[in-house]
Amino acid sequence: MTVLVGHMSADGSTREIAERIAAGLRRAGLAAEARSLAEVADADAYEAFVLGSAVHRQNWLPPAADFLRGNLEVLRARPVWIFSVGMPDALRGPFRRMGPMEVPVIEKGLPAGLGYRDHRLFSGVVTADRLPRTGRIAFRLLGGRYGDYRDWGAIDAWTARIAAALHAAPHGPPTA
């Protein structure tokens with residue numbers, strides 16, 4: 001089974017997560033490749049999808065959302081998992097508890113009828129040089145801490161669940 005682990009990254013963190021997922025799927029015996037969604041010419045060439053984007057202002061980056069909309073018919077007919085990369089683990093106190101509340105907002109911004117199997121919000125890397133001055137001030141006022149907050153164990157566990165589901169599924173698109 002060929003799997004596209006497509007990504008749209010702002011600063012590289014989402015790309016590195018996608019590469020880790022693709023490597024895990026390959027270790028599980030699947031043909032998986034990590035590619036920028038901007039570089040995918042033919043979504044129909046893949047039998048399954050794990051798609052991710054950096055999140056800015058609680059939305060996927062526009063090129064990633066455009067990929068979903070432009071390939072909705074193909075995606076509806078195949079198994080799809082999605083992941084978003086933000087900064088919930090970089091926050092402290094009451095703001096950290098707000099992280100899970102971001103998931104429904106992100107999902108609301110995705111195309112209706114996408115039919116994905118699961119959606120995960122992972123934390124990425126947060127550095128001061130990637131935020132504008134006002135963003136740095138707001139981030140610090142919210143109790144934010146700079147650093148790499150990727151939970152590789154959680155990402156690997158999610159990847160293993162995806163691999164198990166793909167091995168258990170019949171090959172090819174579902175039949176009506």
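What follows draws every value from the coordinates through simple rules; no lab data is involved. All of these numbers come straight from a predicted model, not from anything done at the bench. Here Cβ is always computed from backbone atoms with ideal geometry, including for glycine, and neighbour counts include all displayed protein chains.
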Where nothing but the Cβ of Lys and Arg (+1) and of Asp and Glu (-1) is charged, how large is the charge dipole of the chain around its Cα centre, in debye to the nearest 20?
-> 720
How much length, in nm to one decimal, is gained on full extension between residue 57 and residue 156, taken as 0.36 nm per residue of separation minus their Cα-Cα distance?
-> 33.0 nm
Based on the Kirkwood radius over alpha-carbon pairs, what is the Stokes-Einstein translational diffusion coefficient of the stretch 1-155 at 20 °C with 1.002 mPa s viscosity, in µm²/s?
-> 134
Inter-probe distance in nm under a simple model that places probes 7 Å from Cα toward Cβ, at residue 39 and residue 145 | 3.5
For the chain, longest principal axis from Cα atoms; helix 99-108 axis from its Cα atoms; angle between them, nearest 10 degrees, is 50
Cβ-based charge dipole, the chain, positive-most Cα from 138, 61, 158 | 138
222 nm mean residue ellipticity, helices alone, for the chain (DSSP H n ≥ 4; -39,500 (n - 2.57); rounded to 500) | -11500 deg cm²/dmol
Given a Förster distance of 41 angstrom, what is the FRET efficiency for residue 31 paired with residue 133, based on the Cβ-Cβ distance and rounded to 0.05?
-> 0.35
What angle, in degrees between 0 and 90 and rounded to the nearest 10, separates the Cα long axis of helix 13-27 from the longest principal axis of the Cα atoms of the chain?
-> 30
